[in-house]
Amino acid sequence: MLRKAFLTLLLIHGLVLSLASSSSSSEEDGSSEQEHDKKGHSHHWGYTDQDTWGSMFTDCNGKSQSPIDINTKTAVHDPKLPAISLQGYDLTDQPALTLLNNGHTLQLMLPPTMRIMTGFDRPYYAAQLHFHWGTVEEPGSEHTIDNVHFPAEIHVVHYNSKYANISEAANKPDGLAVLGAFIGIGLHENENYEKILSALKDVSVEETKTEIPGFNARHLLPNSLERFYRYTGSLTTPPCFQTVNWTMFNDTVTVSRKQLAALEDTLKMEQNQLLSKNFRAPQLLHGRHVVASFGDTPVQQSPKIVSLKEADSSTRPRASTGGVAGMSRGDILAIAFGGLFVVTLLGFFMYAYQQRKKFKKDSRQNVIYKPANKEDA
Ligand SMILES: [Zn+2]
């Protein structure tokens, strides 16, 4: 009876294991798309052939590339990081702002009167902001937190005020500062994001633009700018210049599911294909450090786990809707396996115990039997 139960458990265990391995291989289907999407656009680049960026843009093979996975356990609190203060973000409806679909993203042009005043050696002037997103099934933030993707990400690109404009600054080591924030899904429509998203249909075709009234762009970023991660990296698109001082805010902003769907489903790129999944895979740190402006990050972490995670970071695991506290499918599987393992172990011990009892009983019978034998002799 017990032996039967134990065998059944083993069978279930094996079945779940094989199911899990087949599901994890299908998660990497994105790579198979890469092969049949090379249509000879040698001067173009796309998100389905990220591995080839380096052959045309050598910086994409560099050792300070972005995005990265932000490991909250190894990020070190730097109390000397100066706070970020913004100026001129509170635009009024005039002058209007140009919104465009450049075939890679949705981009809003910003005036240089929008500035980061403190946080860096010099003021940095805004040039543009844009977004990265995925699909309903695949969250599309570029940076990840502990290997978890968020549904989308906003980048506000600034250039060092010591340069005349962004194109002059873009390839200088201290040229750019990008403020990035994760976009999650909330219950309510985000009226600030709606000021951009309501104009999506007007730029659905590649290389089209429209004008939208100015608005307070500060509201596109999280309420708190105090908690952020900082590291040195690159543009996340070709030419991948390694000239970006990255700030990723810890707090997220939220938009409604409907708003995210609009971002994911409206824009078209070349040959009328849907413009989606415009995020680059996380890049290796190559010895870079991520510092945090806040100190409650737990510090202990075994080095073995750290290096495994880093090696892993390009495989792009996913979370359903993102959220640092939200469990990824991997977490759930791990818990399921853990539970199953314990049950199997328990079954095994019960079985072993039963066997031992039986054996003891048998051996006791032997003991009783022996003296009888002796008497016989
Ligand atoms: Zn970006």
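The values are calculated or read from the model by the stated rules, or taken from the named source; none is laboratory data. Not measured: the values here are computed from a predicted model. Please note: Cβ atoms are built from the backbone with ideal geometry, for glycine as well, and neighbour counts cover all protein chains shown. Note: accessible area is taken over every heavy atom of the protein model, side chains too, but ligands, DNA and RNA are not part of it. Shrake-Rupley method; radii C 1.70, N 1.55, O 1.52, S 1.80 Å.
For Gln128, state whether it is open to solvent by 10 Å² or more (accessible area, probe 1.4 Å) and within 14 Å of the ligand (Cβ to nearest atom). Yes. Among residues of the stretch 158-169 that are polar (S, T, N, Q), those with a beta-carbon under 6 Å from a residue that is open to solvent by 20 Å² or more (accessible area, probe 1.4 Å) and in a strand (DSSP E or B) at least six positions away or on a different chain give the pairs Ser161/Tyr125. Taking first residues from the stretch 194-223 that are within 15 Å of His130 (Cβ to Cβ) and partners that are assigned to a helix (DSSP H, G or I) and of a type in the set (Ser, Thr, Tyr), the Cβ contacts under 7 Å between residues at least 6 apart in sequence or on separate chains come to Leu220/Tyr193. The listed residues are Glu142, Glu137, and the only one of them that is within 15 Å of the ligand (Cβ to nearest atom), in a loop (DSSP other than H, G, I, E, B) and among the charged types (D, E, K, R) turns out to be Glu142. In this entry, Arg280 is excluded by the filter for residues that are assigned by TED's automatic domain parsing to the domain that holds Glu138, outside any loop (DSSP other than H, G, I, E, B), basic (Lys, Arg) and surrounded by fewer than 23 Cβ atoms within 10 Å (Cβ to Cβ).
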